[in-house]
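Inspection log for the structure reproduced underneath, given as structure tokens.
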Amino acid sequence: MKLIKPKFTKLNIGCGYEKKEGFVNIDKAREVNPDYIVDIEKGLPFPDNSFDYIFSQHCLEHVRPQYWKFVLDEIARVAKDGCILELYLPFDNIWNRTNSDHYRTFHWTSFAQNEVGSNRFYYTKLKLKRIEKVPNRIVRAIYVFFPIFFKEVHFKYRIIKK
């Protein structure tokens with residue numbers, strides 16, 4: 001894969017029609033006119049340690065299971081130490097679970113094994129330190145008991161490389 005020197009130090013993975021100003025916007029779909037057409041299951045065409053900020057909204061749920069670890073490792077590879085990783089992903093409820101092109105749904109603990117201090121820290125190269133706290137029990141209970149109102153979960157992490 002030929003590496004692309006990015007114009008910006010911010011990456012928007014799976015931009016769709018919502019390209020972000022000041023970001024390198026990538027997507028697999030040519031019709032959304034991204035800055036670069038990239039199938040993340042085949043890798044990210046950027047040098048190591050290229051980005052200070054990585055954003056993705058409703059993209060990673062489409063990664064097929066056999067490529068999940070590889071995609072996480074690629075995100076870790078192109079991130080600089082201390083890079084902010086911000087993700088909006090479908091909340092684990094019946095509506096999102098039954099979406100025909102979703103391979104997974106997410107909960108606040110979905111990336112717990114990637115967090116610094118986890119006893120499964122070895123699973124992938126993506127090491128995370130949570131920036132935003134997990135919502136309190138009341139908020140989490142509302143999500144569970146009234147899933148029709150909640151379609152996504154938000155994550156904000158710092159990527160740790162040292």
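So here's what we get for this one:
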| quantity | calculated |
| --- | --- |
| Identity of the residue in region 1-45, outside any loop (DSSP other than H, G, I, E, B) and of a type in the set (K, R), that ends up farthest from V63 (Cα to Cα) | K10 |
| Complete set of residues in region 119-162 that are under 14 Å from the mean Cα position of the chain (by Cα) and among the acidic types (D, E) | E152 |
| Unmet requirement for A112, which otherwise passes all of (1) among the hydrophobic types (A, V, I, L, M, F, W, C); (2) within 29 Å of D52 (Cβ to Cβ); (3) in contact (Cβ under 8 Å) with a residue 12 or more places away in the chain | (3) |
| Subset of region 92-106 [touching a Phe, Trp or Tyr at 6+ places or on another chain (Cβ under 7 Å) and either basic (K, R) or modelled with pLDDT of 90 or more (or both)] | T105, F106 |
| Filter result (within 20 Å of R158 (Cβ to Cβ) and in contact with a Cys (Cβ under 8 Å, 6 or more places away or on another chain)) within region 24-53 | F51, D52, Y53 |
| Check on T105, touching a strand residue (DSSP E or B) at 6+ places or on another chain (Cβ under 9 Å), among the β-branched types (V, I, T) and either in contact (Cβ under 8 Å) with a residue 40 or more places away in the chain or closer than 29 Å to F46 by Cα (or both) | yes |
| Test: residue in region 30-41 that is of a type outside the set (F, W, Y), surrounded by 14 or more Cβ atoms within 10 Å (Cβ to Cβ), without any contact (Cβ under 8 Å) to a residue 40 or more places away in the chain and touching a Pro at 6+ places or on another chain (Cβ under 7 Å) | yes |
| Residue check for L89: modelled with pLDDT under 95 and aliphatic (A, V, I, L, M) | no |
| Selection within region 9-56 - more than 18 Å from the chain's Cα centre (by Cα) and of a type outside the set (G, A, S) | E21, R30, E31, V32, N33, D35, P47 |
| For M1: the one exception among (1) loosely packed, with under 13 Cβ neighbours inside 10 Å; (2) in contact with a strand residue (DSSP E or B) (Cβ under 8 Å, 6 or more places away or on another chain); (3) modelled with pLDDT under 95 | (2) |
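The values are calculated or read from the model by the stated rules, or taken from the named source; none is laboratory data. Quick caveat: nothing in here was measured; it's all calculated off a predicted structure. Backbone-built Cβ (ideal geometry, glycine too); neighbour counts: all protein chains shown.
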